[in-house]
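What follows is a short report on a single structure.
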Amino acid sequence: MKIKLFAVAVLGAFATACASTPPDDNSDMPIEPPVTDNGGGAVVDTTPTGPAEGSAEHFTQTAGDRVFYGLDRHDLTPEARTTLRRQAAWLASYPGARILIAGNCDERGTREYNLALGARRANAARDYLISQGVDASRISTTSYGKENPTCTQSNEQCWAINRNATTTLVGGYTN
Amino acid sequence: MNRFLAALAALIAGLAVTAMAQAQEPLRVDVTRGNLDPLPVALPDFVGSSEEAMSRGTDITRVVTNDLASSGLFAPIDQDAYIEDIENIDLRPRFSDWRVIGSSALLVGSVHIQDDGRLVVAFRLWDTRLEEQLLGLQYRTAPENWRRVAHRVADEVYQRLTGESGYFNTRIVYVAEGRGIEGEPLRQLAIMDQDGANPSFLTDRSYMALLPNYSPNSQEITYVSFLDGQATTYLYDLETGRQEALFTQAMREAGLDPDGQSLSARFTPDGSQLAVSIETRSGHDIHLFDLRTRALQRLTQHPADDVEPSFSPDGERIVFSSSRGGGSQLYTMNRDGTDVQRITFGEGLYTTPVWSPRGDLIAFTKQSGGQFSLGVVRADGSGIERILYEGFFVDTPAWSPNGRVLLFTRGEPRADGTRYEIWSVDLAGFNLRRLATGGMASDPAWSPLIE
């Protein structure tokens, strides 16, 4: 019964997320990362079964593993809060799961400054998850600054993708 | 008519006096003028007492020539133009032969290989106009140190002709950047001579290493390591390769999260303490760490991030960058955290302050209007800032030991991402040159002069 309720909640959150628009000051900010070009080999997973419940893939698909930030910002956008609420809900369903939140930055800043900014981004995401009922002991944080970019090209679209906090399951989840 | 001739004679006499006065001014290169007017110098190959010694003499001359040319202050004259063939450096050169090819200074040298294999390198520096010896020195050293000797010769010439100490007998630690098999970024510490010779890696590919800084004794560096998954300050012994996370215990004792970030740590001029930005509950704050007591002292309390501390050469003040005023700006304070003063007020973000070894200037990176620039500002914030370089990306300035040249990370956009290289520029904003690293590189740290 509890699980069913959760499923409804997740669907509801999903609908909200899809209907939401990117913030005005960054209209090209992607909600999802672009599909990687594997030289034509990119394949969308269409298997009807989906990822195993409680797995890392399940977390990424149902909750979303990344929240995005504005230029030189570490405050959470409404979209970021929505994603984090889904993460909190998912974590409530899998109370054994532990997570690592890594703050990331675009390359348009100096190195030490970005290491600190990435920590602020990770901490903002962590604090919001705690406010949504996730126990602090389940969350660890780190900052990669600009050292671990998702997207390596030198353009604004890439930089927007790289301004994020990425949540990874690090224990207590299904493989 | 007679009167006219007399006037002409007086005029000629006057000109002659002027010319003599000019000729008798000591040879002096103004380091503040950049490469606008480099001094022509002749550097014939150091002579040798044997085939092997001659070959080594040629090597040494090549290194000295490259050093002097790289400063932008000297213009070595092509050896093909030389008239006199120097065979014995203990004889006076034929100065007219060197003046006629435009040479103001002449460096001659010799190499002798002793029976025990040790090198004896001697040189004389001549002023070709005054026909005077400016310098005459001799070094005896192990044969493998021939590059060190060459750099010392270049430093002596630089010092004699500019009045300031040189920076050629130095090493540079930097981050060698690359990509792994799966495209993942690789950042390894590497070390090389100032001119790019003798490069080697200090860390391996298994973890990221960033932001090295030299200790004043050149034997150790600090850097930021991801060995533990989190940016953590490490102390690395260049002699032994031993390294340790510096602050873990001190952070615990200070009531801080020992797993929190610790960043780029810079030494006091006496090497006894470090200034470093460490993550606290309210953000990042500047701390002082005593290497003997191994205790941390918190210097700033502001909820905004305070990062990138650097000491004044007298060790009394610290410059750092802080977002306490909104965007990042530069501030100075006493080494106990008192008397905080803002020193930059311009538009844009100011980061990476580094105090000049001369004490008067602070180098910085400025981010404004989508561009980055490298600049200097007076340490007391008075006057206007000077921009030395502007481009797509700038980071991590590092001063030469004499405070006349800056190394910095320069980024240029390429189709496959930004390409990072280390470049140098002099304090006048001239003589922009790429540092001779093998591949992509960033985060230069310039050693003190090696004794």
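Annotations
- Checklist (1) touching an Asp or Glu at 6+ places or on another chain (Cβ under 8 Å); (2) assigned to a strand (DSSP E or B); (3) more than 24 Å from residue B:201 (Cβ to Cβ) applied to residue B:442, failing item: (3)
- Pairs with Cβ under 6 Å, 6+ apart, first in the stretch A:120-131 and within 11 Å of residue A:88 (Cα to Cα) and within 14 Å of another protein chain (Cβ to nearest Cβ), second among the small types (Gly, Ala, Ser) and open to solvent by 20 Å² or more (accessible area, probe 1.4 Å): A:130/A:136
- Some residue of the stretch B:304-317 being surrounded by fewer than 21 Cβ atoms within 10 Å (Cβ to Cβ), within 14 Å of another protein chain (Cβ to nearest Cβ) and modelled with pLDDT of 95 or more: yes
- Only one of B:139, B:158 that is in a helix (DSSP H, G or I) and open to solvent by less than 60 Å² (accessible area, probe 1.4 Å): B:158
- In the set B:368, B:323, only one residue is open to solvent by 10 Å² or more (accessible area, probe 1.4 Å), within 14 Å of residue B:300 (Cβ to Cβ) and within 14 Å of chain A (Cβ to nearest Cβ); that residue is B:323.
- The C-beta contact set for the stretch B:38-59 (first residue over 18 Å from residue B:118 (Cβ atoms), second residue surrounded by fewer than 19 Cβ atoms within 10 Å (Cβ to Cβ) and of a type in the set (Phe, Trp, Tyr), distance under 8 angstrom, 6+ apart or interchain) comprises B:42/B:82; B:44/B:82.
- Hits in the stretch A:148-175 - residues which are within 12 Å of another protein chain (Cβ to nearest Cβ) and touching a helix residue (DSSP H, G or I) at 6+ places or on another chain (Cβ under 8 Å): A:149, A:150, A:151, A:152, A:168
- Residue that is among the β-branched types (Val, Ile, Thr) and surrounded by fewer than 19 Cβ atoms within 10 Å (Cβ to Cβ), where the choices are A:152, A:167: A:152
- Looking across the stretch B:401-423 at every residue that is away from chain A (no Cβ under 14 Å) and free of Cβ contacts under 8 Å to residues at least 40 places away in the same chain, the one that is farthest from the chain's Cα centre (by Cα) is identified as B:421.
- Strands (runs of 3 or more DSSP E) contained entirely in the stretch B:251-349, each with at least 3 residues that are touching a Ser or Thr at 6+ places or on another chain (Cβ under 6 Å): B:283-290, B:306-311, B:317-322, B:329-334
- From B:55, B:103, B:96, residue being among the polar types (S, T, N, Q) and open to solvent by less than 40 Å² (accessible area, probe 1.4 Å): B:103
The values are calculated or read from the model by the stated rules, or taken from the named source; none is laboratory data. Please read all numbers here as calculations on a predicted model, not as lab measurements. Backbone-built Cβ (ideal geometry, glycine too); neighbour counts: all protein chains shown. Remember, those area values only see protein heavy atoms, side chains included, never the ligands or the DNA or RNA. Shrake-Rupley method; radii C 1.70, N 1.55, O 1.52, S 1.80 Å.
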